[in-house]
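Some notes on the structure that comes next.
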Amino acid sequence: MRTYRIATIPGDGIGKEVVPAGRRVLEALAAQHRDFRFEFENFAWGGDYYREHGVMMPADGLDALHGMDAILFGSAGDPQIADHITLWGLRLKICQGFDQYANVRPTRILPGIDAPLKRCTPADLDWVIVRENSEGEYAGVGGRAHQGHPIEVATDVSIMTRAGVERILRFAFRLAQSRPRKLLTVVTKSNAQRHAMVMWDEIAAQIALEFPDVSWDKELVDAATARMVNRPASLDTLVATNLHADILSDLAAALAGSLGIAPTANLDPERRYPSMFEPIHGSAFDIMGKGLANPVGTFWSVVMMLEHLGETEAARKVMTAIEAVTANRALHTRDLGGEATTEEVTAAVCARVGG
Ligand code: NAD
Ligand code: MN
């Protein structure tokens with residue numbers, strides 16, 4: 001019997017609603033399987049922990065997570081605490097501490113979901129966005145001085161290293177190669193950002209030589225937004241910097257129907273550390289505590305976790321259950337135009353996974 005140790009970190013807002021729902025799906029799955037089981041450990045870190053201890057997670061928090069096989073994360077963000085404190089104090093601390101440098105964000109139009117693009121069928125929109133997750137615009141380098149004075153100055157310096165760019169581009173080419181269309185779009189902004197993004201383009205051309213069977217092209221990030229809307233079928237795998245991919249993937253999620261559906265994996269491809277799986281949405285202050293959160297993004301993240309653990313068949317089983325549930329409009333939450341609750345959607349997915 002294989003045992004997987006899973007850390008759950010609900011965090012804040014609707015993270016506290018969708019992460020327990022994700023755990024229930026994993027429990028329903030394990031109940032049907034003789035060859036693997038899960039051992040969960042929950043970490044109540046986030047805004048409430050901050051109010052009590054002055055930090056989002058304990059100083060030795062990463063040590064507690066290190067031995068885990070995977071992390072299921074909810075969201076960091078509290079209405080009473082500044083966003084840069086919640087984000088850097090928890091989610092980025094884990095992503096950077098465990099060098100989860102590849103952030104993978106698949107987007108598809110699931111059965112039964114109305115996507116806003118009129119001329120777009122599910123076959124036209126099947127993307128994976130690879131986001132550089134360890135440096136770039138979110139390297140955390142910069143500072144502020146002379147606060148409150150007219151001469152106040154502030155900088156956020158984007159850092160791109162050859163090692164960091166090579167590893168994310170190689171990861172993206174490899175991922176593109178594993179998909180049927182073998183098609184990669186390298187998103188850039190080398191017209192305006194004339195140092196780091198020019199290096200990014202040069203490295204893309206170098207890495208491409210290692211993957212002669214992958215077709216690739218280059219697109220400026222602003223043009224990429226228009227292409228996602230106007231010619232979605234021309235895209236398959238995309239790779240972009242930390243900031244660019246952050247923005248493009250929210251657009252991708254909205255084009256596929258809702259932010260509440262989209263999953264993401266923060267991977268350490270070398271498996272030195274546990275990888276972390278989470279819905280891409282945040283704490284959703286406007287709906288938190290109301291039972292309205294769509295748990296599908298978390299369930300799809302659970303699918304990515306199972307794939308990462310090598311449980312391919314179990315992953316397929318959960319994805320099939322999710323698709324059967326989205327196909328039934330009576331089980332759509334409010335973000336999808338329905339009236340179903342988090343609990344109803346969770347129970348329906350658990351029933352299919354457990355059946
Ligand atoms: P958000 O994703 O929380 O919400 C944006 C909109 O989408 C809201 O109207 C919300 O109700 C809706 N929405 C999001 N997820 C949904 C779901 N599962 N079901 C139904 N509707 C859903 O983004 P925001 O409002 O920009 O941020 C709120 C807080 O979350 C901020 O503190 C922000 O910093 C934080 N945040 C954290 C993460 C993270 O931890 N990964 C990601 C994004 C935002
Ligand atoms: Mn984001």
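The values are calculated or read from the model by the stated rules, or taken from the named source; none is laboratory data. This one's a predicted model, so the numbers in the text were calculated from it and none came from an experiment. Note that we place each Cβ from the backbone using ideal geometry, even for glycine, and neighbour counts take in every protein chain shown. Accessible surface areas use protein heavy atoms only, side chains included; no ligands, DNA or RNA. Shrake-Rupley method; radii C 1.70, N 1.55, O 1.52, S 1.80 Å.
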Residues located in the stretch 314-330, provided they are without any contact (Cβ under 8 Å) to a residue 24 or more places away in the chain and open to solvent by less than 40 Å² (accessible area, probe 1.4 Å): ALA315, MET319
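Within the stretch 62-74, is there a residue that is within 16 Å of ligand 2 (Cβ to nearest atom) and assigned by TED's automatic domain parsing to the domain that holds GLU343? I'd like the intermediate steps shown before the answer.
Here is the first cut: in the stretch 62-74, the ones within 16 Å of ligand 2 (Cβ to nearest atom) are 73-74.
Now restrict to residues that are assigned by TED's automatic domain parsing to the domain that holds GLU343: 73-74.
Among the residues of the stretch 62-74, at least one is within 16 Å of ligand 2 (Cβ to nearest atom) and assigned by TED's automatic domain parsing to the domain that holds GLU343, which makes the answer yes.
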Residue by residue through the stretch 206-231, note down the ones that are under 24 Å from PRO106 (Cα atoms) and aliphatic (A, V, I, L, M). ILE207, ALA208, VAL214, LEU220, VAL221, ALA223, ALA224, ALA226, MET228, VAL229
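So which strands (runs of 3 or more DSSP E) are wholly in the stretch 222-298 and hold at least 3 residues that are within 14 Å of ligand 1 (Cβ to nearest atom) and either among the β-branched types (Val, Ile, Thr) or closer than 28 Å to ASP69 by Cα (or both)?
Values: elements: 237-240, 263-267, 275-279.
Output list reads 263-267, 275-279.
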What number of residues within the stretch 191-212 satisfy the criterion of being aliphatic (A, V, I, L, M) and within 15 Å of PHE171 (Cα to Cα)? 6
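Quick check, is GLY289 open to solvent by 30 Å² or more (accessible area, probe 1.4 Å) and within 19 Å of GLU344 (Cα to Cα)? Write out each step before concluding.
On the way: open to solvent by 30 Å² or more (accessible area, probe 1.4 Å): yes; within 19 Å of GLU344 (Cα to Cα): yes.
So GLY289 passes the test.
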Before we move on, is ARG37 charged (D, E, K, R), at pLDDT 95 or above and more than 24 Å from ALA284 (Cβ to Cβ)? yes
Here are ILE94, ILE81, ILE85: which of them is within 17 Å of GLU278 (Cα to Cα), in the same structural domain as THR8 (by TED's automatic domain parsing) and among the aliphatic types (A, V, I, L, M)? ILE94
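Listed here are the residues, each with its yes/no results for (1) polar (S, T, N, Q); (2) buried (at least 22 other Cβ atoms within 10 Å of the Cβ); (3) within 16 Å of ligand 1 (Cβ to nearest atom); (4) closer than 19 Å to VAL19 by Cα.
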site: ASP63; (1), (2), (3), (4): no, no, no, no
site: GLY74; (1), (2), (3), (4): no, yes, yes, yes
site: ALA82; (1), (2), (3), (4): no, no, yes, no
site: THR86; (1), (2), (3), (4): yes, yes, yes, yes
site: LEU92; (1), (2), (3), (4): no, no, yes, yes
site: GLN96; (1), (2), (3), (4): yes, no, yes, no
site: ILE109; (1), (2), (3), (4): no, yes, no, no
site: ASP114; (1), (2), (3), (4): no, no, yes, no
site: CYS120; (1), (2), (3), (4): no, no, no, no
Filtered residues of the stretch 211-227 (kept if surrounded by 19 or more Cβ atoms within 10 Å (Cβ to Cβ) and small (Gly, Ala, Ser)): ALA224
Which one of the conditions (1) under 21 Å from the mean Cα position of the chain (by Cα); (2) open to solvent by 30 Å² or more (accessible area, probe 1.4 Å); (3) over 27 Å from THR298 (Cα atoms) does TYR138 fail to meet, given that it meets all the rest? (3)
It is to be established whether one or more residues within the stretch 79-91 are closer than 18 Å to MET304 by Cβ and touching a residue at least 12 places away in the same chain (Cβ under 8 Å). yes
Scope the stretch 215-270; condition of a type in the set (Val, Ile, Thr) and touching a residue at least 60 places away in the same chain (Cβ under 8 Å); matching residues: VAL229, THR237, VAL239, THR241, ILE261, THR264
From the set of residues in the stretch 228-264 that are charged (D, E, K, R) and open to solvent by 20 Å² or more (accessible area, probe 1.4 Å), which is nearest to LEU169 (Cα to Cα)? ASP246
Taking GLU41 as meeting all but one of (1) under 23 Å from GLU313 (Cα atoms); (2) without any contact (Cβ under 8 Å) to a residue 40 or more places away in the chain, write down the number of the exception. (1)
